[in-house]
Amino acid sequence: MRIEQHPILEFKRGKKVKFTFDGQEYEGYEGETIAAALHAAGIRIMRESPVLHRPRGLFCAIGNCSSCLMTVNGEPNVRICVEKLRPGMVVESQKGKGVIYAPGN
Amino acid sequence: MLAVDGVPTPEDLAQKIPPPERLARRPVVIAECFQPIPCDPCSHACPRQAIGPFKDINEIPQVDYEKCNGCGQCITRCPGLALFVVDLTYGENEALIKLPYEFLPLPEEGQEVAGVNRAGEKVCRARVVKVVKTEKMDKTAVIWLAVPKDLAMEVRHFAIK
Amino acid sequence: MRQEISFVEIAVIGGGPAGLCAALEAANAGARVTLLDRQDRLGGQLIKQTHRFFGSQSHRASERGINIAAELTGQVMSHPHIEALTGATVFGFYEDGVLGVEREGKIFFIKPARVIVATGAAEKTLAFPNNDLPGIYGAGAVQTLVNVYGVLPGKRVLMVGAGNIGVIVTYQLLQAGMEVAAIVEAAPKIGAYWVHAAKVRRAGVPIYTSHTIGRACGTRQVEGAVIWQIDEQGQPVPGTEKDLVVDTICLSVGLSPLVELLAQAGCRLVYVPQLGGHVPLRDASLQTTVPGVYVAGDAAGVEEASAAMMEGALAGLHAAYSLGYNQTGYEARRAELQQQLDSLRSGPVGEKIRSGLSRAMIG
């Protein structure tokens, strides 16, 4: 959910852009992180842990803890808490540790 | 108890409240600051030097009740939002409280709100007399609240119904 | 393999309160400074501090952190002696004193004559069942979402930890329009300044000391939490369980200094719980056991932002002086900064820091 009015802050949001999350289209603002855009859309589950398959979300939001790794535009292990949203991004929940070289792709 | 649940005890407060004779004369600031912490803006805020100067940054503010005229200029300078002006001369049955407020929406002047005590409990009906908000106050508004006189030392917040 | 290496006078790693002040102080003394920060924006954690700071009026007390961030960032960006590189991650500190830096997918190397490490700290977590569920955040993370991006992580939150950060973030969440079900604190006393506690308390948030979170509830994400009272051994007191309906849990259980680069540099580290964990040994000039490598701010020991600013300035001053700058004005400025820093730490709430520092100071 987005804050519309705040007693101390004014939020200067960028241009509205579209992106997809697991195949579905969403809107966010340019200049915000992917994590912020997903949270604004009510999405808090980012990936599945590789061994026990537990859901994982955001924890530190400053690019430090690796809890929020997702696959973005096909690239795995992107820290979406610091990666900025750009138009047309394809954001996917990550399962496993991610592969970089997939023969046949 | 402050250290345990965030609410000052009557004994804590007793040290902060001016004598009845002084309260009856004119408004005065109540500095609800109970702990020596490294913080001194209040000691620089008063045009009449009713608080400060401090020898040590950890000093707990002591208000000089004779110098203080209850103008309330210090209220928005306190990072702890712990300064309140109480005016028992305001009316027959009502006291005026000036308190810092950093939430939205701001109340309207004349609006009826619930007076809230230090434990967050609604204790009375209160009336918003004035909403002061200037550029210099940097987003901390000061709300003037008329409350029943016997609750002047209880009400420190309000809730919009 | 030979690399293109650029030589700089002083590299400051981290553009938070300590790093910004270090860069400004060194540059004002006449040194050339390269400031590196891995985020896209300078200011570190100051950019989400909407509250008015404590401290001395002569040093920005009563100003909001966000305004201090804007002011310092402006000064740094316009300073002719400072090159500020954002989005630049220092990933390595080589044996020859070379720093490896990644920026926009490219790698480059710099060799500074002096390095000031002001990398800050990271949030700690807490062990309890389901502590990995989505919806459980570090308090600072929620602060970033709420105060930097204007996005709420949920509707109703449980705050774990009643130190300054826990209580201040609680207040900020109320300001942003969230409900706060409670603050729990395992210690028998509130760690935050009492004025902060009083502020959230009168706004209706209960503070339960000697309480902790027993478990988070929910299958895919947080749907609730169980809290209970704990005895002196930290064991749950039977019959004190409370179920809270919350969709968000914030952990504010302390910070750990980020000392990886200092460790790589070979600085001797010492474990000091009062300072948050492993910190480098340092002398009064903030120089570590590796000559030319300085530390400031939370990386030197977790403390308030105002202390980080003072410490940064001191480190910047000393680093510049050691390169031959400001030989005449140095002593007066050093004494002034040191006195301000000492005064911030002087009272009863500074006791923990003072005892921690006594174990980390050398010389």
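Coordinate-derived values only; no laboratory data. Quick caveat: nothing in here was measured; it's all calculated off a predicted structure. Note: ideal-geometry Cβ built from the backbone for every residue, glycine included; neighbour counts use all protein chains shown.
Brief remarks follow.
- The slack in the chain from residue C:240 to residue C:89, taken as 0.36 nm per residue of separation less the alpha-carbon distance, amounts to 49.6 nm.
- Viscosity 1.567 mPa s, temperature 4 °C, Stokes-Einstein D of the protein assembly as shown from Kirkwood C-alpha radius, µm²/s: 50
- Applying 1/(1 + (r/R0)^6) with R0 = 25 Å to the Cβ-Cβ distance of residue B:138 and residue B:14 gives a FRET efficiency near 0.15.
- Entries in A:12/C:48; B:55/C:124; A:15/C:199; C:48/C:124; B:16/B:67; B:67/B:139 that, when Cα-Cα distance is taken, lie over 26 Å: B:55/C:124; A:15/C:199; B:67/B:139
- Simple rule: put +1 on each Lys or Arg Cβ and -1 on each Asp or Glu Cβ in the protein assembly as shown, find the dipole, and look at C:21, A:87, A:77; the Cα lying farthest toward the positive end is A:87.
- Net charge over other residues, Cβ less than 13 angstrom from the Cβ of residue C:329 (K, R count +1; D, E count -1): -1
- Chain C, relative contact order [Cα under 8 Å, separation at least 6], %: 20
- Cα-Cα P(r), the range C:215-270, percent of pairs per 10 Å interval: 18, 27, 23, 19, 12, 0
- Separation between Cα centres of the range C:300-363 and the range C:120-198, rounded to whole Å: 29
- Normalised convex hull volume, the range A:16-95, alpha-carbon set, Å³ per residue: 77
- Descending semi-axes in whole angstrom, ellipsoid equivalent of the range C:204-363, from the Cα gyration tensor: 41, 17, 15
- Counted by neighbouring Cβ atoms within 10 Å, the residues B:132, B:147, B:142 run from fewest to most as B:132, B:142, B:147.
- Computed from phi, the 3J(HN,Hα) profile of the range A:46-59 under the Karplus parametrisation 6.51, -1.76, 1.60 (θ = phi - 60°) reads 9, 6, 10, 5, x, 9, 8, 6, 8, x, 10, x, 7, 10 Hz, with x in place of Gly and Pro.
- Between the range A:9-75 and the range B:102-152, the alpha-carbon centres lie 39 Å apart.
- Centroid-to-centroid, using Cα positions, the range C:67-114 and the range B:38-65 are 41 Å apart.
- Residue by residue, the range C:130-136 carries 3J(HN,Hα) couplings of 6, 6, 9, 5, x, x, 9 Hz when phi is fed to the Karplus relation 6.51 cos²θ - 1.76 cosθ + 1.60 (θ = phi - 60°); x denotes Gly or Pro.
- Once backbone amide H atoms are built at 1.01 Å from N, residue C:255 has C:124 as its partners under 5 Å, excluding neighbours fewer than 5 places away on the same chain.
- As a length-normalised measure over Cα pairs under 8 Å and 6 or more apart, the relative contact order of the range C:223-363 settles at 19 percent.
- Charge tally in the Cβ shell below 12 Å around residue C:159, where Lys, Arg are +1 and Asp, Glu are -1, residue C:159 excluded: -1
- Of the residues C:266, C:314, C:287, the one whose Cα sits farthest towards the positive end of the charge dipole of the range C:251-322 is C:266 (charges of +1 on Lys and Arg Cβ, -1 on Asp and Glu Cβ, taken about the Cα centre).
- Total charge dipole magnitude, the range C:72-179, about the Cα centre, Cβ charges on Lys, Arg, Asp, Glu only, Debye to nearest 20: 180
- Placed amide H near residue A:17: partners under 5 Å, 5+ positions off or other chain: A:28, A:29, A:30
- Each of C:81, C:318 was scored by other Cβ atoms within 10 Å of its Cβ. Listed from fewest to most, they are C:81, C:318.
- Most fluctuating residue given options A:46, A:89, A:70, as computed from a GNM of chain A linking Cα atoms under 10 Å: A:89
- Vicinal HN-Hα couplings computed from phi for the range B:131-148 (Karplus, 6.51 cos²θ - 1.76 cosθ + 1.60; Hz; Gly/Pro x): 10, 9, 8, 10, 3, 4, 7, 6, 6, 9, 7, 10, 9, 9, 10, 8, 10, x
- Fraction of beta bridges assigned by DSSP in chain C that are antiparallel (%, nearest 5): 45
- Ranking of C:59, C:79 by neighbouring Cβ atoms within 10 Å, starting from the fewest: C:79, C:59.
- For the protein assembly as shown, the Cβ-based charge dipole about the Cα centre amounts to some 580 debye (Lys, Arg positive; Asp, Glu negative; other atoms uncharged).
- Springs join every pair of Cα atoms under 10 Å in this Gaussian network model of chain B, and among B:24, B:50, B:126 the largest mean-square fluctuation is at B:24.
- Other-chain or far-sequence residues with amide H under 5 Å of residue C:248's (modelled H): C:156, C:158
- Only Cα pairs under 8 Å and 6+ residues apart enter the sum, and on that basis the relative contact order of the range A:1-78 stands at 17 percent.
- Among A:74, A:14, A:63, the largest mean-square fluctuation in a Gaussian network model of chain A (Cα springs under 10 Å) belongs to A:14.
- Its Cα centre serving as origin, the range A:16-95 has a Cβ charge dipole (Lys and Arg +1, Asp and Glu -1) of approximately 220 debye.
- For a label point 7 Å along the Cα-to-beta-carbon line of residue C:155, residues of the range C:184-210 with backbone N under 20 Å: C:204-206
- Neighbourhood charge, 15 Å Cβ-Cβ cut-off, centred on residue A:97 and excluding it, Lys, Arg +1 and Asp, Glu -1: +2
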